[in-house]
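What follows is a set of notes on a single structure, which appears directly below.
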């Protein structure tokens, strides 16, 4: 895989889970490091400079969300949450704090590694020299000229639709919450107006999806937000 030798930090207080995750990572050529607390995790993140963090929320010296907030003050590396907490509120809190994905325990090694690969690809694309053109499916976005085409035909998007689309495609395979979209597109005064997002996303899907009723690229994460999938 293209992510060989990428460094992954596992922050988890249960030794058996750390061992399971480490074996899954190392079986695909990834370099894994471990920590069992928020404090140790921050030290390891600062010294190892990982390309990805896999994080439990219930740690002995604090909440994993606190780790994410601190990490985000100096690093943009992807964070995948592994937690027994399955409520929407917990997922939203972690994602709003800056986590990139959320997987509920118990989980399978196959799904975990698929999410790891997706996040490493996204991180690699974002840190490489970027192209001003983004393509997925039949859609082409020219970021310089703010033009969108589908199947070679110009797609006329409203300014809000364009901002929603470009914000989502800039974070492929990452869950973006309603609150994050509202803050970026409408401003901090509209973070509770989630119906705005639903209405405009529905219109956007009609313009860029082959079948808006069965979208392949802008996927709904029920009660949380949306995920852009470039390779459907």
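Of note:
Results for (1) touching a residue at least 60 places away in the same chain (Cβ under 8 Å); (2) over 14 Å from the mean Cα position of the chain (by Cα); (3) farther than 30 Å from residue 14 by Cβ, shown as yes or no for each residue.
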{"residue": "81", "(1), (2), (3)": "no, no, no"}
{"residue": "106", "(1), (2), (3)": "no, yes, no"}
{"residue": "116", "(1), (2), (3)": "yes, no, no"}
{"residue": "148", "(1), (2), (3)": "yes, yes, yes"}
{"residue": "152", "(1), (2), (3)": "no, yes, yes"}
{"residue": "159", "(1), (2), (3)": "no, yes, yes"}
{"residue": "163", "(1), (2), (3)": "no, yes, yes"}
{"residue": "186", "(1), (2), (3)": "no, yes, yes"}
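- Residue in the stretch 143-150 that is modelled with pLDDT of 80 or more, within 25 Å of residue 98 (Cα to Cα) and touching a helix residue (DSSP H, G or I) at 6+ places or on another chain (Cβ under 9 Å) present: no
- In the stretch 217-232, the residues that are in a loop (DSSP other than H, G, I, E, B) and modelled with pLDDT of 95 or more: 217
- Residue among 90, 96 that alone is crowded, with 17+ Cβ neighbours inside 10 Å, over 16 Å from residue 44 (Cα atoms) and in contact with a strand residue (DSSP E or B) (Cβ under 6 Å, 6 or more places away or on another chain): 96
- The stretch 153-199 - residue that is over 21 Å from residue 229 (Cβ atoms) and part of a loop (DSSP other than H, G, I, E, B) and, of those, modelled with the lowest pLDDT: 191
- Checked against (1) in contact (Cβ under 8 Å) with a residue 60 or more places away in the chain; (2) within 26 Å of residue 99 (Cβ to Cβ), residue 210 passes all but condition (2).
- Check on residue 66, assigned by TED's automatic domain parsing to the domain that holds residue 174 and either buried (at least 16 other Cβ atoms within 10 Å of the Cβ) or over 22 Å from residue 22 (Cα atoms) (or both): no
The values are calculated or read from the model by the stated rules, or taken from the named source; none is laboratory data. Computed from a predicted structure; not experimentally measured. Backbone-built Cβ (ideal geometry, glycine too); neighbour counts: all protein chains shown.
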